[in-house]
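The values are calculated or read from the model by the stated rules, or taken from the named source; none is laboratory data. Everything numeric here is computed off the predicted structure, so don't read it as measured data. Ideal geometry is used to build each Cβ from the backbone, glycine not excepted, and the neighbour counts take in all protein chains shown. We work out accessible area using only protein heavy atoms, side chains counted, and drop any ligands, DNA or RNA first. Shrake-Rupley method; radii C 1.70, N 1.55, O 1.52, S 1.80 Å.
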Amino acid sequence: MLIDKEYPATHSMTTAWFAIDEDGNVAIMECDDNGPAPVGIEIDQYAPDLFEESLISKENRIAYTDEQLLRLMSNSATPLELAEKWKDEDFSHIFDSLCEIDPAKTELLKEAASLSGMNVLHCVSPRLNLWYIDFGPPYYISKNERNTIKEEANEYAKTLYKRLFTDGVLLKVVKLYFDLDRENNDKISHGYLRLADTAFSLYHQEYDDRYPSERVNDAPSDIAVHESQLSDTIRDKAIRLPLKFSEHDRIQLAAYVASYFWGSNDGWLVDGETAQIVKLPDGNFYFVGDGCYFKPIPVEDGLKSPAIRFHSSIRSEKEYRINGKRGYISDSDGKFRIIGSFQTYVPKDTDIIERVNYEDYEEDDEDDED
């Protein structure tokens, strides 16, 4: 609902950032707890946060065109719709909303903004009469607190916020919160921003960091935000990718830039650098850097090299060969995890099982030279 603040509840940490493709088109990318996320970006920030800052922040503002702004309003609701839909609500909050206002009634809007030092009122487009609104009660009152002055101030705020709807101050309203992990975004009711209206390509990385991020919105080139519209601050922090968003519905970020993972499916070292095993859009598993960048190495090829070694933080986990093939990780139940496929393997009586000794490679190399 418009007046209920929403936060993603599934994950404790989400990280989002702007990315720029070869054509200068801009995407918002987001990963859940485990990553990957580019090295050096701010963590614990959601895609809606970036989007809202791009409307109101001086440093992180985007110079949206009128066409892009009107597109944001295309699923907006009218005051009559809202009044009927939310007639049982107390109007104590109006959160994260882009509103078309009646320019003749701005005084009431500004009075409402003045009721709390936390309230945000920002004119996004004077020509289109579009304002960003984020209003809350003047005071927080704990359950056991009794304070007549605070209670009266909060009640007055509710009355005034409601008048913004009933007195026609707000002509159209759209709540800017969106969730890249939500299903059925195309069925969002009036008054909520649809992903397709954001003018960004949008990518979401699921909790399982092995798999590529998925595109949840492909912004047509004629309305897509371009890097020329970005502030210097956003442009400097944005991640540049050597691809075109229009041609990639899945992206494994660690294949292109140094990225961090906040959870490991295994522990590996590649030439002494920490590595992860991930799946690329081609369907195969690769070694990629964790906190560093190197060209992705196919798992099957990598296991032929002594430069790639298993390095788990769990003492009991070791790498084994079974019937001469590397890539089996010991399990406390006497089973093995097969890297790359991430399946469990139960040894047969006829299997030849050997602990991998990486120094053996060095001896083999010397034998080859002889």
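Any residue in the range 68-77 that is exposed (fewer than 14 other Cβ atoms within 10 Å of the Cβ), modelled with pLDDT of 90 or more and in a helix (DSSP H, G or I)?
The answer is no; no qualifying residue exists.
Checking the condition of a type in the set (Asp, Glu), open to solvent by less than 100 Å² (accessible area, probe 1.4 Å) and at pLDDT 90 or above, which residue from ASP349, ASP331, ASP301, ASP364 passes?
Being of a type in the set (Asp, Glu), open to solvent by less than 100 Å² (accessible area, probe 1.4 Å) and at pLDDT 90 or above holds for just one of ASP349, ASP331, ASP301, ASP364, which is ASP301.
Could you please find all residues in the range 215-245 being open to solvent by less than 30 Å² (accessible area, probe 1.4 Å) and not hydrophobic (A, V, I, L, M, F, W, C)?
Within the range 215-245, ASN217, GLN229, SER231 qualify.
Mind checking which residues of the range 268-298 are of a type in the set (Asp, Glu) and surrounded by 15 or more Cβ atoms within 10 Å (Cβ to Cβ)?
If the condition is that a residue be of a type in the set (Asp, Glu) and surrounded by 15 or more Cβ atoms within 10 Å (Cβ to Cβ), then GLU273, ASP290 are the ones that fit.
Name the single residue that is surrounded by the fewest Cβ atoms within 10 Å (Cβ to Cβ) among those in the range 42-67 being closer than 19 Å to VAL173 by Cα and without any contact (Cβ under 8 Å) to a residue 40 or more places away in the chain.
ASP49
Just checking, does the range 201-214 include any residue being closer than 24 Å to GLU52 by Cβ, charged (D, E, K, R), open to solvent by 50 Å² or more (accessible area, probe 1.4 Å) and assigned to a strand (DSSP E or B)?
For the range 201-214, residues closer than 24 Å to GLU52 by Cβ, charged (D, E, K, R), open to solvent by 50 Å² or more (accessible area, probe 1.4 Å) and assigned to a strand (DSSP E or B): present.
Just give me the residues in the range 120-152 being hydrophobic (A, V, I, L, M, F, W, C) and more than 35 Å from the chain's Cα centre (by Cα), in sequence order.
ILE149
Okay, residues lined up against (1) out of contact with any His (no Cβ under 6 Å at 6 or more places or on another chain); (2) modelled with pLDDT of 90 or more; (3) among the charged types (D, E, K, R):
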site: GLY136; (1), (2), (3): no, yes, no
site: ASN144; (1), (2), (3): yes, no, no
site: ASN154; (1), (2), (3): yes, yes, no
site: ASP167; (1), (2), (3): yes, yes, yes
site: LEU170; (1), (2), (3): yes, yes, no
site: VAL173; (1), (2), (3): yes, yes, no
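Could you grab me the full set of residues in the range 139-168 that are in a helix (DSSP H, G or I), open to solvent by 50 Å² or more (accessible area, probe 1.4 Å) and among the polar types (S, T, N, Q)?
THR148, THR159, THR166
With the requirement that a residue be among the polar types (S, T, N, Q) and more than 15 Å from ASP236 (Cβ to Cβ), what does the range 40-60 give you?
Matches in the range 40-60: GLN45 only.
So is PHE91 open to solvent by less than 60 Å² (accessible area, probe 1.4 Å) and in a loop (DSSP other than H, G, I, E, B) or not?
So PHE91 fits the description; yes.
Report the residue count in the range 169-191 for those that are touching a Ser or Thr at 6+ places or on another chain (Cβ under 6 Å) and open to solvent by 50 Å² or more (accessible area, probe 1.4 Å). Give the derivation first.
Looking only at the range 169-191, we keep the residues that are touching a Ser or Thr at 6+ places or on another chain (Cβ under 6 Å), and these are 172-175.
Filter once more, keeping what is open to solvent by 50 Å² or more (accessible area, probe 1.4 Å): 172.
Summing the residues that are touching a Ser or Thr at 6+ places or on another chain (Cβ under 6 Å) and open to solvent by 50 Å² or more (accessible area, probe 1.4 Å) in the range 169-191 gives 1.
Run down GLU6, GLU59, GLU42 and say which single residue is in a loop (DSSP other than H, G, I, E, B), at pLDDT below 95, acidic (Asp, Glu) and under 15 Å from LEU180 (Cα atoms).
Working: GLU59 fails: under 15 Å from LEU180 (Cα atoms); GLU42 fails: under 15 Å from LEU180 (Cα atoms).
Only one candidate passes the filter, namely GLU6.
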